[in-house]
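The values are calculated or read from the model by the stated rules, or taken from the named source; none is laboratory data. Since we're looking at a predicted model, the values are computed, not measured. Here the Cβ positions follow ideal geometry from the backbone for every residue, glycine too, while neighbour counts run over all protein chains shown.
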């Protein structure tokens, strides 16, 4: 019985794990297409920033690896605009995302910090603490993944 529980715990994948796997799969597919051709245009077919940096509906640019992978997604799918939205953002805009619509993961890294009494501490407050106070804290990094949809995917979305 214990072996089955251990196996199911090993088989469980977090959203962050799934996002990292998606990114790795995307990179491998891109490298295979590069090898199969005389490809000389970079990861995004030379279209990386011509359309602008990837951003969400409110206009905030994605950064780091999210920006890179959304640029690749925009280029590989020939989207006209690098604007993405979450399912909740779509709902707020009265856009219904059809079942089975393709999404891209974006990842969010942060720290969960608790003091010696188990009370949550902000990162800014933690940085202001002395080394002795910091050593008493429990600091755990975490990764969250969210699915985003490109707004150009008109066939996958319908206005309500």
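Of the strands (runs of 3 or more DSSP E) lying entirely inside region 83-160, those carrying at least 3 residues that are surrounded by 11 or more Cβ atoms within 10 Å (Cβ to Cβ) and touching a residue at least 60 places away in the same chain (Cβ under 8 Å) are 83-86, 95-97, 104-114, 138-150.
Taking the stated definitions as given, is residue 77 at pLDDT below 90, surrounded by 12 or more Cβ atoms within 10 Å (Cβ to Cβ), farther than 23 Å from residue 92 by Cα and more than 18 Å from the chain's Cα centre (by Cα)? When the stated conditions are applied, residue 77 does not pass them.
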